[in-house]
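Sharing a structure, written as structure tokens. Questions coming.
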Amino acid sequence: MKRFNISLKKIICASLIVMLLITIIIINEIIISKKKSNYDESNIDFNIEDNNAYGGITEESSFPNDVYGIKVYTQFIESNSISRWGIKRKIKYIVLHETDNFYKNTGAKNHANYLSYTNKTSTSWHYTVDDSEIYHHVPDNEVAFHASNRTGNLFGIGIELCVNKDGNYEKTFENATKLVAYLLNEYDLSIEDIKTHSDFTNKNCPHNILVNGRLDEFKQKVDYIIKNENMQRR
Ligand SMILES: [Zn+2]
């Protein structure tokens, strides 16, 4: 009887260990599949090994220091970051966003630092514009993840307009029109290539521009800047 008890204990003990191992394996699988689905949110099925750029290689990426008098700071996301994929692509669109971040001091520099030091997701975009300056986060000819859609991410330059309550939104709006005019010129794009995040998904972004019906005004201002620029060049 004693011998039987010992072997029963051993069997129970072994079964518990096996069950524990199986549980650990299952939990591990769940964690891995969750991590994978974070990437999948951006709807990209890239072959990273493929060095051919999507849509054909665009001309050299531009690194502006200044667009029509607005200072542009370059603070690229580290190349080994989860949000800097380094995939080359053709530029076809500008995609407008608003940060929806109303806290004080959440201007362009603050967002640049967020992307550089805090962000732990694959989300990224190319420029953030506030009422006095612009930050450049990802080279224009590299894919970034901002549009919630494959086409938008693959071919769009993502621009975030700041809406911090201690900022001057009208000035931010104006500065963004200057950046967009510069980029359209730089990459031979047209006014029709100005898109909004909402063109690619059902998110109401850029919120202020959309709810106040100011997209046409934005495009007209961009058009005016480009025409004026071309007049001066002649
Ligand atoms: Zn957006």
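The values are calculated or read from the model by the stated rules, or taken from the named source; none is laboratory data. What you see is a predicted model; the values in this text were computed from it and never measured. Because the Cβ atoms are built from the backbone with ideal geometry, glycine has one as well, and the counts that use them run over all protein chains shown.
Go through segment 201-214 and report how many residues are more than 9 Å from the ligand (Cβ to nearest atom) and in contact (Cβ under 8 Å) with a residue 60 or more places away in the chain.
Residues that pass the stated criteria total 2.
Determine which member of the set E142, E160 is within 14 Å of the ligand (Cβ to nearest atom) and among the charged types (D, E, K, R).
Just a single option satisfies the conditions, and that option is E160.
If you don't mind, there's one more thing I want to ask. Looking only at residues in segment 80-117 that are in contact with a strand residue (DSSP E or B) (Cβ under 7 Å, 6 or more places away or on another chain) and within 19 Å of K203 (Cβ to Cβ), which one is nearest to the ligand (Cβ to nearest atom)?
Of everything passing the filter in segment 80-117, H97 is nearest to the ligand (Cβ to nearest atom).
Taking segment 195-218 as the region of interest, how many residues are within 18 Å of C162 (Cα to Cα) and in contact with a strand residue (DSSP E or B) (Cβ under 8 Å, 6 or more places away or on another chain)?
So the answer is 11.
On to the next question. Can you run down the residue pairs with Cβ atoms below 8 Å, 6 or more apart or on separate chains, where the first is in segment 12-39 and under 25 Å from F145 (Cβ atoms) and the partner is modelled with pLDDT of 85 or more?
Sorted first by the residue in segment 12-39, then by its partner, the pairs are N38/T121; N38/S122; Y39/S122.
Looking at N47, is it over 20 Å from D140 (Cβ atoms) and either of a type in the set (A, V, I, L, M) or modelled with pLDDT of 85 or more (or both)?
When the stated conditions are applied, N47 does not pass them.
Among the listed residues Y68, Y73, which satisfies the condition of being at pLDDT 90 or above and at positive phi?
The match here is Y68.
If you don't mind, another one. Is it true that some residue in segment 155-173 is modelled with pLDDT under 95 and within 13 Å of the chain's Cα centre (by Cα)?
Yes - at least one qualifying residue is present in segment 155-173.
Being closer than 18 Å to K221 by Cβ, surrounded by fewer than 17 Cβ atoms within 10 Å (Cβ to Cβ) and modelled with pLDDT of 95 or more narrows it down to one of I191, I134, so name that one.
None of the others qualify; the one that does is I191.
Which residue is nearest to the ligand (Cβ to nearest atom), if the candidates are limited to segment 118-130 and must be among the β-branched types (V, I, T) and touching a residue at least 40 places away in the same chain (Cβ under 8 Å)?
By that ranking, first place goes to T123.
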